[in-house]
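A.B. asks: Here it is: the structure, laid out below.
Read-outs throughout are calculated quantities, based only on the coordinates presented, and are distinct from any laboratory measurement. This is a predicted model, so every value here is computed, not measured. For neighbour counting, all protein chains shown are included, and Cβ atoms are generated from backbone atoms with ideal geometry for every residue, glycine included.
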Amino acid sequence: MSLKIAPAPVRKTLQVKASQARAFEVFTAGFARWWPATHSIGKSALKDAIMEPQVGGRWYERGEDGSECDWGRVLAWEPPARLVLSWQLSAQWKFDPDLLTEVEVRFIPEGDRLTRVEFEHRGLESYGDQAEAVRKSINSPGGWPGILEAYAAAAA
Amino acid sequence: MTDAIKILEALADPTRREIFERIAARPRSVGELARGLPVSRPAVSQHLRVLKTAGLVADYAEGTRRVYQIDPAGLGPLRAWLDRFWDRALAAYQAEVESNPEQ
């Protein structure tokens, strides 16, 4: 079932003081170094987050106990200029193969050590289909209330 | 941020989702909605109130009728949450990129 509303994509532009190659490398290979550790989806604490460097590659996390949890897939791999990932994490921050939103990141060189990063998270209407599942987990600690609480605490 | 919870709860009820989808197809009055559904008109009104409180639908007067249409900003709270989340994640990314200046 599809809810016929389409929220605008989340778009961000930032400028980083680094070469295009480094900006791409840190976003991809260095992902685990900057990703908020609070946003692990596994039962175990986040040890590493891996983006396989090819189209069709997995994007997943590995916990301290060795367990793996998928986040999505690599849809476009064009180093050092462009990256598209499928983001298949539900509102409960769990992998859902039926949920399909996309994250696209473009790295545009603006100088020797200056890169503009254009970020877009789109297809958010896919979340509308999840309402049924949400009803069941809405009050669980891992559901929205837990995530929002953790987020509010971290952002404060 | 409880808006995000409100919106998801509002859509979790099958009757409300049906009402919401009918409104999404085209604007409708309470009477029109009630005629096509196996629930009473007061029940439809109650569901509409929940959808409206969650920011999913908006209403306007047309003569003596109240007509409901979808609020285009309907998934707004969820989007707003992701928007803030990415702000934080990308700020962390930027700090990491710039932490070791290139030689």
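A.B. asks: With just the Cα atoms defining each centre, how far is the range B:27-49 from the range B:81-97? Give it in Å.
C.D. replies: When both Cα centres are located, 43 Å separates them.
A.B. asks: For peptide B:49-55, compute the average count of partner chain beta-carbon atoms within 10 Å of each residue's beta-carbon.
C.D. replies: Neighbouring Cβ atoms belonging to other protein chains average 0 per residue here.
A.B. asks: State, to one decimal in nm, how far the label point of residue A:14 lies from the label point of residue A:100, with both points 7 Å from Cα in the Cβ direction.
C.D. replies: My value for the distance between the label points is 2.9 nm.
A.B. asks: By per-residue mean of other Cβ atoms within 10 Å, what is the highest-first order of A:20-26, A:52-58?
C.D. replies: A:20-26, A:52-58
A.B. asks: Using only the Cα atoms of the range A:10-128, what are the Rg and Dmax in Å?
C.D. replies: Cα only, the range A:10-128: 14.5, 43 Å (Rg, Dmax).
A.B. asks: Please give every one of the aspartates and glutamates within straight-line cross-link reach of residue A:94, meaning a C-alpha to C-alpha distance under 16 Å, and leave out same-chain neighbours fewer than 8 residues apart.
C.D. replies: Partners found: A:61, A:68, A:70, A:102, A:129, A:132.
A.B. asks: Hey, another quick one. How many Cβ atoms of partner chains, on average, are near each residue of A:104-117 if near means within 10 Å of its Cβ?
C.D. replies: Mean partner-chain Cβ count within 10 Å for A:104-117: 1.
A.B. asks: For residue A:17, go through the aspartates and glutamates and keep the ones whose alpha-carbon is under 18 Å away, minus same-chain ones fewer than eight residues off.
C.D. replies: Counting by Cα, and skipping residues close in sequence, residue A:17 has these aspartates and glutamates nearby: A:25, A:110, A:112, A:118, B:87, B:96, B:98, B:102.
A.B. asks: Measuring from label point to label point, each 7 Å out along Cα→Cβ, what is the residue A:29 to residue A:118 span in nm?
C.D. replies: Between residue A:29 and residue A:118, the label points sit 2.6 nm apart.
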